[in-house]
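The values are calculated or read from the model by the stated rules, or taken from the named source; none is laboratory data. Everything numeric here is computed off the predicted structure, so don't read it as measured data. Neighbour counts are summed over all protein chains in view; Cβ atoms, including those assigned to glycine, are modelled from backbone coordinates with ideal geometry. Note: accessible area is taken over every heavy atom of the protein model, side chains too, but ligands, DNA and RNA are not part of it. Shrake-Rupley method; radii C 1.70, N 1.55, O 1.52, S 1.80 Å.
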Amino acid sequence: GNLARGTHWGNDHLFVLEDPIGSASLACFLLFGAFMDEFSEFAHTKFRTVDIAVPEILLAGLIGVMIIFLFSGMAISAVGNAAEQVVAEVRRQFREHPAIMDGVERPDYGTCIRIVTRAALREMVRPGLLVVIVPIAIGLTGRVIGSFSDRPLLGAEMLAGYLMFSTVTGILMALFMDNVGGAWDNAKKLVETGLHGGKGSEAHKAAVTGDTVGDPFKDTAGPSLHVVIKLLSTTVLVMGPLFLNRTV
C-alpha cells in the first residue's frame, strides 16, 4: 500500500502519515553511532569528531547530497520507462483486439504484469549499484589520499561526512516526496468528487498531470529513500576495515 496516506477532513485538510521515514531516521542515527564506534575500535583511537572544513571531507559530503538527487531522478525515470512500455502494450492490444473495448474479449493482463515486473527489477539495478559502490569508492579514495598525507583516518572521516550529508538530504527529500506526492494524488481524488468541475474538467486534467508525477514521488522515489539512507550506513559498517590504513 501507499506509505504516504492522506485523509480529508472537510474539503481542504490533508494529513499525511510519515511513520516509515521516522523509523528510517532513527535507524540511521543508531547506525551512525555504530559507525563511529566501529572505526574507533578498528583504529584503536577515539573517533568522535569530523571537521567538514577539510576539503576532502566536504567534497565527500557534497557527493552524498548529489547521490540522493541522482538516485531519486533515476527512480522516477524508471517509473516513466515502465509506464511507456505498458502504454504501448495496452495500445497494441486495443488495436489488434478491438473487441476488448466492447467487453466481449478479455485483455491479456499477464503481459502487462510481466512488463512491470521485469522493468521493476531491471530499472533499479543501476540505482542500487550507485548506492553501494559510491561509498566504497569514497572510503578507498580517502584511504589512499590519507596514506600519502599521513592521515590514517581520512577514509573514515570522508565517509562520516558522506553519511551525514546524504542522510540529512535523504530524510528531507523523502519527506518532500512523500508529502508532495500524497498531496497531488489527493488533489486528483478531490476533483473527482465533483469539486472544481469534476471529471473531464480542466482542473481534473491538471490534477491528473500532477498525479502522474505524484505517484512515482510517493510510491517509488520517496519510499526507496527510506531504504537508501539505511543502506548507506550498512554498507560502510560491513566494509569498514577496508577504509583504514594498516598503519593505524
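Some points to look at:
- Answer from T235, T212, T220, T169 - the residue that is farther than 30 Å from T141 by Cβ, in a helix (DSSP H, G or I), touching a helix residue (DSSP H, G or I) at 6+ places or on another chain (Cβ under 6 Å) and of a type in the set (V, I, T): T220
- Applying the set (1) within 22 Å of R48 (Cβ to Cβ); (2) modelled with pLDDT of 90 or more to G170 leaves exactly one unmet item: (1).
- Selection status of K205, farther than 30 Å from L244 by Cα and surrounded by 22 or more Cβ atoms within 10 Å (Cβ to Cβ): no
- Residue list for the range 78-106, filter: open to solvent by less than 60 Å² (accessible area, probe 1.4 Å) and either at pLDDT below 90 or polar (S, T, N, Q) (or both): A78, V79, G80, N81, A82, A83, Q93, A99, I100
- Test: residue in the range 125-133 that is in contact (Cβ under 8 Å) with a residue 60 or more places away in the chain, under 16 Å from the mean Cα position of the chain (by Cα) and closer than 19 Å to L58 by Cα: yes
- Put simply, of A183, A174 the only residue that is of a type in the set (G, A, S), under 27 Å from G210 (Cα atoms), touching a Pro at 6+ places or on another chain (Cβ under 9 Å) and part of a helix (DSSP H, G or I) is A174.
- Taken over the range 107-123, the residue count meeting the criterion of being open to solvent by 70 Å² or more (accessible area, probe 1.4 Å), of a type in the set (S, T, Y) and touching a residue at least 12 places away in the same chain (Cβ under 8 Å) is 0.
- Applying a threshold of 8 Å to beta carbon distances and a minimum spacing of six or more residues, or different chains, the list of pairs starting in the range 221-235 at a residue that is in contact (Cβ under 8 Å) with a residue 24 or more places away in the chain and ending at one that is acidic (D, E) reads G222/D178; P223/D178.
- Lone unmet requirement of (1) part of a helix (DSSP H, G or I); (2) of a type in the set (A, V, I, L, M, F, W, C); (3) surrounded by 16 or more Cβ atoms within 10 Å (Cβ to Cβ) for V50: (1)
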